[in-house]
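Colleague: Structure below; questions to follow.
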Amino acid sequence: MKPTSAYTETADGVAESATGDNALTTTATASPLPIGDRNANPRGVGFWALVREDFAVHGREWMNQGFWALFWHRFGNWRMGVRFKLIRAPFTLVYRLMFKFCEMACGIKLSYNVPVGRRVRLEHFGGMILGARSIGNDVTLRQNTTLGVASKADLAAKPTIEDGCDIGAGVCILGNVRIGQGSKIGANAVVTKDIPPYSVAVGIPAKVIKTLPSGLDSPGSAAAAQPSGGEL
């Protein structure tokens, strides 16, 4: 069994990690985030093909809030492929209005400069703040999920969600951490350190309680991460 690590933050914003009797202090800052100066939609697939795929993933429901949040995210990226700023300006205005509308009407904040992969499902809308470094393919995210910084000392320190991850309701994933491919995070967990691929993590702070066989990272299969007596 691997020793667990505890993380605290000092007064000057330095993260400290202690494992057993050995303590490690790090002042490393995260690399810069994408600035949104280009079309960051997945390569090799057109805008409308992405929209059709997102529509299918969200049950072909026109009123599905997750679908519309992703639609305007894809649109926000597509417009950056318009070379001339003057021509792009009306598309930018539409995007900004609809981005704010999705925040208010859907309860989902997902800026276009967060790279999002294919077949992502935003399930059970509301209270979703998705400020990630990137979100991979075949990821499922649920209501009241927060992806963001752990400290104002490093506003670029945001999480990376790899392919096939399944994130339960009420989860907070904070800081420059990586959720490994195919991992499942149980409801209401707080993640402040890396989660290895194909792991089940639950609790506050989140701890790995199980390793999954590779290949079980199909979208929408969060049941394996459900804590006893809990609900994703």
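Colleague: Take peptides 161-170, 187-196 and line them up by average Cβ neighbours within 10 Å, highest first, as a rough protection proxy.
Modeller: In descending order of packing, they fall as 161-170, 187-196.
Colleague: Between the range 52-91 and the range 95-123, what's the alpha-carbon centroid distance in Å?
Modeller: Distance between centres, Cα-based: 9 Å.
Colleague: Right, here's the next one. What is the magnitude of the charge dipole of the range 67-160 about its Cα centre, with +1 placed on the Cβ of each Lys and Arg, -1 on the Cβ of each Asp and Glu, and no other charges, expressed in debye to the nearest 20?
Modeller: 340 debye
Colleague: Excluding same-chain pairs closer than 8 in sequence, count the lysine pairs in the range 84-217 whose Cα atoms lie under 21 Å apart.
Modeller: Total qualifying Lys-Lys pairs in the range 84-217 comes to 12.
Colleague: With every protein chain left in place, what is the accessible area per residue of the range 83-128 in square angstrom, probe 1.4 Å?
Modeller: Result: 61 Å² of accessible area for each residue.
Colleague: Could you tally the net charge around residue 98, taking each other residue with its Cβ under 14 Å from the Cβ of residue 98, Lys/Arg +1 and Asp/Glu -1?
Modeller: Numbers: positive: 74, 79, 96, 100, 109; negative: 103.
So the surrounding residues net to +4.
Colleague: In whole Hz, with x marking every Gly and Pro, tabulate ³J(HN,Hα) for the range 151-165 from phi via Karplus 6.51 cos²θ - 1.76 cosθ + 1.60, θ = phi - 60°.
Modeller: Coupling constants for the range 151-165: 7, 5, 5, 9, 6, 8, 7, 10, x, 10, 10, 7, 4, x, 6 Hz.
Colleague: Give the ranking of 80, 104 by solvent-accessible surface, highest area first, calculated with a 1.4 Å probe. Show your work: numbers first, answer last.
Modeller: Numbers: 80 30, 104 150 Å².
The residues order as 104, 80, largest area first.
Colleague: Ranked by accessible surface with a 1.4 Å probe, highest first, in what order do 202, 139 come? Write down the numbers at each step before the final one.
Modeller: On the way: 202 25, 139 0 Å².
Order by accessible area, largest first: 202, 139.
Colleague: What is the sum of charges, Lys and Arg at +1 and Asp and Glu at -1, for the other residues whose Cβ falls under 14 Å from the Cβ of residue 69?
Modeller: +1
The values are calculated or read from the model by the stated rules, or taken from the named source; none is laboratory data. Computed from a predicted model, the values in this text were never measured in an experiment. Cβ atoms come from the backbone with ideal geometry, glycine included; neighbour counts cover every protein chain shown. Accessible surface areas use protein heavy atoms only, side chains included; no ligands, DNA or RNA. Shrake-Rupley method; radii C 1.70, N 1.55, O 1.52, S 1.80 Å.
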